[in-house]
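The next block holds one structure in the form of structure tokens; read it before the comments.
Every number in this text was worked out from the coordinates using simple rules, so none of it is lab data. Since the model is a prediction, treat every value here as computed from it, not as a measurement. Counting neighbours? That spans all protein chains shown, and the Cβs are built from the backbone with ideal geometry, glycine included.
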Amino acid sequence: MKSINLSPIRVGLLGMGTVGTGTFNVLQRNQEEIRRRAGRGIEITMVADLDVARARAAVGDGVEVVADARKVVASPDIDIVVELIGGYGIAKALVLEAIEAGKHVVTANKALLAVHGTEIFAAAHRKGVMVAFEAAVAGGIPIIKALREGLTANSIQWIAGIINGTTNFILSEMRDKGLDFDVALKEAQRLGYAEADPSFDIEGVDAGHKVTLMSAIAFGIPVQFDKAYVEGITNLAAQDIRYAEQLGYRIKLLGITKRVAKGIELRVHPSLVPAKRLIANVEGAMNAVVVQGDAVGTTLYYGKGAGSEPTASAVIADLVDIARLHTADPGHRVPHLAFQPDAMSDLSVLLMSEVVTSYYLRLKVADEAGVLAKVTGILASLGISIDAVLQREADEVGGEGATQTDLIILTHDCLEARMNEALAEIQALPTVLAPITRIRKEELA
Ligand code: HSE
């Protein structure tokens, strides 16, 4: 038991908001068990927040509270800097300064790492310090640990995740209550699941950051958010959720990354998922990630993707890892991106037009002879095979028997570029009366 007599490792925390407060509280509450696990105490000794009074109220008198985060980064008494400020601006400068000062860094900042990760990990490698980021992906779910360590025997084949709680909550409300997107978004904002400016969440950017990080770890490629295809949920209509249901599917915003013969797929978009899959039944603000490895098969990770103590759980797990490993030779630690820095892959990220997947199409068409034949003829001419067709009863529009109807088509797998061609041709038909809705479909088998 000699190790637990070591002096505590000293942590400086930047940003004392929801997650910072949760981290402080959980460390206090569970300090004895955490000390027994880590082999030494973990103490937050310094906190920086522009709102000094709020931070002081959260941590009490025993901790130094400053407004200037640079004081924490520069302090010789701090071993680990926890960055909970967020964004790419000041957070990037502070993380790089902490690394230059030889401090380990723990961050929940997915945006920073997905965009500037290559620079940050290279700096950390040069300085022999750790940059840990479990809290950056799916909050409390230990998915980084699972991918980087637990599944290290596997050749990972694909990952598909519900990794944004805000959008999953909105989609659940749309399905449960038949709400339109705008109404469900307002409800999410009223209940605190969506921020006043929800654009990063609803446009798929937040999920894009997270899947970029998982992709890098799964396949040993650099973090490349700029190559990710990102589409959010703002154009989803309640009727598509209903039609999908009639066909045995749920619509989820998925972050998907997949190894295929030509490279790596990296994409976020709404997807139809068979209703019988476990992940299709993840509701509300919960997160879930499915990982397919060649040896283990399919594994599923489920839990809270945000919130004060769930995210603190991930931050503290990283602190414990660092407390255990900081004296190890850097070459013997788990590499930042799971693969050794000199053994990364140069597999390229595919353009969305190179992705092969299946589709749900909704067309508003004139209900007259030959319309379906024309549409299916175009699909057939491009080698796109139809899986199912659903035609809703026709509505009378404009009297005198003129009618229009919704035509729903599910396709088998085809190249996205081919589908783009087909959609352009079908859209140009005079009997197609409104912009076509296209939603991708993932069987996740
Ligand atoms: N806003 C995110 C979500 C949580 O809704 O899941 C932090 O990434």
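Near GLY140, once Lys and Arg are set to +1 and Asp and Glu to -1 for all other residues with Cβ below 13 Å from its Cβ, the sum equals -1.
What do the square roots of 5 times the Cα gyration tensor eigenvalues come to for segment 117-265, in whole Å, largest first, as semi-axes of the equivalent ellipsoid? Display every interim value, and only then the final one.
Working: eigenvalues 198, 66, 34 Å².
After diagonalising the Cα gyration tensor, the semi-axes are 31, 18, 13 Å.
Would you work out the charge dipole size for the chain about its Cα centre, treating the Cβ of every Lys and Arg as +1 and the Cβ of every Asp and Glu as -1, and quote it to the nearest 20 debye?
Details: 44 positive and 54 negative charges, 281 e Å.
Charge dipole, the chain, about its Cα centre: 1340 debye, nearest 20.
Principal axis extents of the Cα atoms in segment 38-171, from largest to smallest and rounded to whole angstrom, are 48, 41, 34. Helix 90-100 versus the longest principal axis of the chain: what angle, 0 to 90°, nearest 10, using Cα atoms? Computed tilt is about 50 degrees.
Within a Cβ distance under 14 Å of ASP346, other residues only, what is the Lys/Arg minus Asp/Glu net charge?
Working: positive: LYS227, ARG259, LYS262; negative: ASP342.
Its environment carries a net charge of +2.
Seen against the Cα atoms of the chain and their longest principal axis, helix 205-219 is set at about 70 degrees.
Helix 416-427 and the longest principal axis of the Cα set of the chain meet at an angle near 40°.
Show me 319-328, 143-152 ranked by packing, highest mean number of other Cβ atoms within 10 Å first. Please list the in-between numbers first.
Details: 319-328: 17.5, 143-152: 19.1.
Highest to lowest by the protection proxy: 143-152, 319-328.
In terms of overall dimensions, the chain has a Cα radius of gyration and Dmax of 24.6, 90 angstrom. Projecting the Cα positions of THR166, GLY293, ALA207 onto the charge dipole of segment 143-305 (unit charges on Cβ atoms of Lys, Arg, Asp and Glu, taken about the Cα centre) puts GLY293 furthest along the positive direction. In order along segment 430-436, the Karplus-derived 3J(HN,Hα) couplings, from 6.51 cos²θ - 1.76 cosθ + 1.60 at θ = phi - 60°, round to x, 8, 9, 9, 8, x, 6 Hz, and Gly and Pro are given as x. For segment 356-441, the Cβ-based charge dipole about the Cα centre amounts to some 360 debye (Lys, Arg positive; Asp, Glu negative; other atoms uncharged). Pairs exceeding a 30 Å alpha-carbon distance, out of LYS110/LYS177; LYS145/LYS227; LYS103/LYS186; LYS92/LYS145; LYS258/LYS374; LYS177/LYS258: LYS110/LYS177; LYS103/LYS186; LYS258/LYS374; LYS177/LYS258.
Before anything else, pin down the relative contact order of segment 154-310: Cα pairs under 8 Å, at least 6 apart, normalised by residue count, whole percent. Display every interim value, and only then the final one.
Numbers: 305 pairs, mean separation 53.8, N = 157.
This gives 34 percent for segment 154-310.
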